[in-house]
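Read the figures in this text as sums done on the coordinates, not as results from a lab. Computed from a prediction, not measured in an experiment: that's the story for all the values here. Ideal geometry is used to build each Cβ from the backbone, glycine not excepted, and the neighbour counts take in all protein chains shown.
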Amino acid sequence: MANEQLTELSKDQLAAKLPELRAQLRQWGKEYYEQDAPSVADYVYDQAYAELVAIETKYPDLVTPDSPTQLVGGQTQGQLAKVPHEQPMLSMGDVFSLDELLAFNNRLANQVATEDLAYNLELKIDGLSLSLVYEEGRLVQASTRGNGLVGEDVTANVKTIKSVPQTLPEPWSLEFRGECYMPKAAFAKLNAQREANGEPVFANPRNAAAGSLRQLDSAVTAAEN
């Protein structure tokens, strides 16, 4: 629903929409983050999420603690050990129109007290958010974003990824955060193997990467690299 359409509805009408809208977003989020099997395109989810944000921004008293806007990602699964993040792992914001992009620019200009802003743009890789913790130069823990506060321990699986260094050049103790993703060629190869084995195929490279990374058997992850 576009913002101009929201203005045509009363607060009571918008409040009546919220339970169904939130339930739908939770379901889609569970499919995407936890089951690695989305049933709708990202754009459909993003538009519904933007509608929820617009309603809650207009009427902050309608925000509830369990609203999808108050959570990041999905819930962690029971099979993998939980990893509390020292600092929350947040998600990127998004915009859907030139007006929203200009509003973002104006907010940033006000925060840094200048209108002379320069931007560095790059394509976003759609993968699984990952935290890598090194102690004295050695990889000791890898975890997913989970719900932003608590993720899943995928250390054994990440150690099978050849592009992730087990040790650093210096004995540094630090945390890296980034995206774990699967190239399209590897995605096509994996889906072809799964189809040949009579297994369900992944919907997209992001979910294939997530599914591989969250395997309980690290040997499976290694085979899918």
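Taking a virtual spin label 7 Å from the Cα of Trp172 along the C-beta vector, which residues in segment 122-136 bring their backbone nitrogen under 13 Å of it? Taking a point 7 Å out along Cα→Cβ of Trp172, the residues of segment 122-136 whose backbone N falls under 13 Å are 132-136. Here the chain is assigned +1 on the Cβ of each Lys and Arg and -1 on the Cβ of each Asp and Glu. Its dipole about the Cα centre then comes out at about 600 debye. For the set Lys162/Lys184; Lys30/Lys159; Lys82/Lys162; Lys124/Lys184; Lys82/Lys189; Lys58/Lys124, the pairs lying more than 22 angstrom apart at their alpha carbons are Lys30/Lys159; Lys82/Lys162; Lys82/Lys189; Lys58/Lys124. Taking other C-beta atoms within 10 Å as the exposure proxy, Arg214, Arg107, Arg26, Arg145 rank Arg107, Arg26, Arg214, Arg145 from fewest upward. Listed by Cβ neighbour count within 10 Å, with the fewest neighbours leading, Ser67, Ser129, Ser212 appear as Ser67, Ser129, Ser212. Counting Lys and Arg as +1 and Asp and Glu as -1 over every other residue whose Cβ lies under 12 Å from the Cβ of Gln27, the net charge comes to 0.
When only Cα pairs below 8 angstrom with a gap of at least 6 residues are kept, the chain shows a relative contact order of 20 percent. Here the extension length gained between Lys189 and Leu108 equals 24.9 nm, from 0.36 nm per residue of separation less the Cα-Cα distance.
Computed across the chain, the Kirkwood radius stands at 19.9 Å (inverse of mean 1/r, all Cα pairs). About its Cα centre, segment 3-71 has a charge dipole of approximately 160 debye under the convention of +1 per Lys or Arg Cβ and -1 per Asp or Glu Cβ, with nothing else charged. Take every pair of alpha-carbon atoms less than 8 Å apart whose residues are at least six positions apart; their mean separation over the length of segment 3-71 yields a relative contact order of 37 percent.
By the beta-carbon count within 10 Å of each Cβ, the least crowded to most crowded order of Leu18, Leu174, fewest first, is Leu174, Leu18.
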